[in-house]
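K.L.:
Below you'll find the structure I mean.
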Amino acid sequence: SMASRFIWLTQYLPSGAEITLTEPKLIPVGNNQYAVLFSEETSDQSILHYLLMDASGNVILSKLYKNVTIQTDSQPILWGRNIVWVSGNYDNGSYDSSRTYLYEIPVVTTPLNGIALNQTNLTIDEGNTQKLTPSFTPSNSDDVKDVVWTSSNPGVASVSEDGTIQGNGYGQAVITASAGDFQTQCQVTVKVSENNTPLTKPVLKHSQKAADQIHLTWKKVPGAKGYQIYCRTDSQSSYKRIKTLKTGAVSFDAAVVPGVTYSFKVRAYGTNASGKNKYSKFSAVKSRKAAVPAPSKVSCKMSNGGTEVSWKKVAGASGYVIYRNGSVAKTVKSSVSTWKDTKAYDSQTGMYWVYNYYVKAFKTVNGKRIYSKPTKTVNLYS
């Protein structure tokens, strides 16, 4: 009839954020159908809209592709059953023309509306592998079927790009398979083979970066289902078990009080061929007198109206004391990591006095302060 009519493909409500719709493209895809592409751009990303339309302009289906872009001088073409074009990368509200990319999307006529796995629960032995196989709904979908695999706990079970699960340690993990806006999961349990092989004795290490914790670490023992941690203080005559780890973890933060000496040891446990518990020998004992670590990254600089002293906070500390030329200048709370010395500035002359500063952290125990060693000394010259 040679008549014209308008078909609105978008509907937006004002929200305060600037959105640009740009680069509409029309591509014949056969069977008297057409693909309409256009970009929705914001300050931080570009979203490609794909619509499949019939010859009368009726929208048959629509899809979104995040971080897919079309530049002004790009012209998508049909290649086989894919639409392809070249474009720069959209980043921070503009296109990077120094690098170009080949983009490709299928001519979708039957969109994906679901993904499933051949197993939703499985159990594997430590060190073994098993592959998950995805299926899609509908089965004849010609949509993008790229699957992204993730694990909630790679230390227990990791997953490769083809869905192969590797049992890494005793415990449980959730494997997630994602395709577009759809995802499905499989609960994986990794067990340790039951045998009579003795468990290796763990090698225990310790360190302290917090005022109220000593950090314990050891390497994973093959065949272990978990670990038992024992502790004794200088006022106790025997060791007490303070923690049992069952998830394959190989570290633990033990609560401590500064000034008290702690002795730790750890052993692995598993199951023998008869189903009974078996244990490794205890690790060598590691002893440490709990202290308050000194703050790190101490520095000072000129600031408006004074010299600003700063430091990195110590976890578990009760507060900090700043020393000026060897004498106490200020005591601050544990939440504070900077202090301005207004006495170091002469408002009449605009000059700064060059003082030496260092900081100590402290932990209050039974009403008494226990101090860390001092930080290095800093001044405006350093």
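No lab work stands behind these numbers, since they all come straight from the coordinates. Source: prediction; values computed, not measured. All Cβ positions, glycine included, derive from the backbone under ideal geometry; neighbour counts span all protein chains shown.
K.L.:
Per 0.36 nm of contour for each residue apart, how much would the distance between residue 160 and residue 139 grow if the chain were fully extended, relative to their Cα-Cα spacing? Walk me through the intermediate numbers first.
P.N.:
On the way: separation 21, 0.36 × 21 = 7.56 nm, distance 2.38 nm.
Result: 5.2 nm gained on full extension.
K.L.:
Taking volume of the Cα convex hull per residue in Å³ straight from the coordinates, which label in (1) 233; (2) 256; (3) 171 is the correct one?
P.N.:
Read-out from the structure maps to (2).
K.L.:
For residue 373, which aspartates and glutamates qualify as cross-link partners when the Cα separation must be under 18 Å and same-chain residues fewer than eight apart are set aside?
P.N.:
In chain and number order, the partners are 212.
K.L.:
Between 74, 15, 274, find the one with the highest GNM mean-square fluctuation for the chain; connect C-alpha pairs within less than 10 Å.
P.N.:
Fluctuation is largest for 15.
K.L.:
Only loop residues by DSSP count here, and only those with at most 13 other Cβ atoms within 10 Å; note down the trypsin sites (Lys or Arg not before Pro) in the stretch 274-370 that meet that.
P.N.:
Numbers: sites: 276, 278, 281, 286, 288, 289, 297, 301, 312, 313, 324, 330, 333, 340, 343, 360, 363, 368, 369; in loops: 276, 281, 313.
Answer in residue order: 276, 281.
K.L.:
Would you mind finding the longest exposed-site-free stretch of the chain, with exposed GluC sites (Glu not before Pro) meaning DSSP loop and at most 13 other Cβ atoms within 10 Å?
P.N.:
Details: sites that count: 18, 161.
Excluding the exposed sites themselves, the longest stretch runs over 162-382.
K.L.:
Just add up the charged neighbours of residue 323: K/R +1, D/E -1, any other residue whose Cβ is under 10 Å from the Cβ of residue 323.
P.N.:
Working: positive: 324, 330, 360; negative: none.
Net local charge, residue 323 excluded: +3.
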